[in-house]
Amino acid sequence: MIVEATRRRLTEKQADTVDRLTKAALDVLSREGFAGLTIRMVAAEAGVGAATAYTYFSSKEHLFAEIFWRRLAATPPPPNDDPVRRNRIGAVLRHIALLVADEPELAGAVTSALLGRDPDVEHLRLRIGLDIRNRIIAALGPNADPDMVELLESLYAGALVRAGMGHASYAEIADRLEKSARLLVE
């Protein structure tokens, strides 16, 4: 079985190593915080060598962007059966914002990672952005206005930056994001 990863294609054994690294990263993050975490610490926690960890992740930013990508990709969007468009778009943006709401350390790490300049994060940022765009388009329905799609993407990105800056919790931002999206779509 071959599994796609951000830097290369993986065998089943390699995919298991990546899974162990991503799980270990969450454990180390809870103890050390993002600033104190290193790839070496994560590797030790996962029971692999640092060189092995660096084979898969170029930086801690790359690692946490991958964790968010995996979470987003594994989480289907909310049902798209509400006949009211503003309800559908509000639900989609709320759902994405809440992916890390219960884990403030992870939310902060993901925000820092996605705003960084690591070239391996750029690839993930594009994949994450495309997934979010597709969810917004699906919620808007047939003939989605490209300007509205871009506006909603900007609303989402700005809301998460505000949460990352500590202006509100991710749960509060999700509430505000849902309300703002509904106002825009009306």
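Taking the square roots of five times each eigenvalue of the Cα gyration tensor of the chain, the equivalent ellipsoid has semi-axes of 32, 18, 13 Å, listed largest first.
Each of the peptides 105-113, 119-127 was scored by the mean count of other Cβ atoms within 10 Å over its residues; in descending order, highest first, they stand as 105-113, 119-127.
Inter-label distance, residue 123 to residue 38: 2.5 nm, where each label sits 7 Å from its Cα along the C-beta direction. Take the Cβ atoms of residue 154 and residue 16, set R0 to 25 Å, and the FRET efficiency comes out at 0.05.
Residue-wise HN-Hα couplings along the stretch 9-16, as the Karplus relation 6.51 cos²θ - 1.76 cosθ + 1.60 with θ = phi - 60° gives them from phi, are 7, 10, 7, 4, 5, 5, 4, 5 Hz; Gly and Pro carry x. Placing a label point 7 Å from the Cα of residue 133 along the Cα-to-Cβ direction, the residues of the stretch 62-82 whose backbone N falls under 19 Å from that point are 69-70, 72-73, 77. Computed from phi, the 3J(HN,Hα) profile of the stretch 76-93 under the Karplus parametrisation 6.51, -1.76, 1.60 (θ = phi - 60°) reads x, x, x, x, 10, 9, 6, x, 8, 4, 5, 5, 4, 5, x, 5, 5, 5 Hz, with x in place of Gly and Pro.
Take each peptide in 145-158, 163-176, 70-83, 52-65, count the other Cβ atoms within 10 Å of every residue, and average; sorted highest first, the result is 52-65, 163-176, 145-158, 70-83.
As a ratio to 2.2 N^0.38 Å, the alpha-carbon radius of gyration for the stretch 12-57 is 1.04.
Once the chain from residue 75 to residue 55 is taken as fully extended at 0.36 nm per residue, the excess over their C-alpha distance is 4.5 nm.
Since every read-out is calculated from the coordinates, none of them should be taken as a lab result. The structure displayed is predicted, hence computed values, not measured ones. Here the Cβ is made from the backbone with ideal geometry for all residues, glycine too, and neighbour counts use every protein chain on show.
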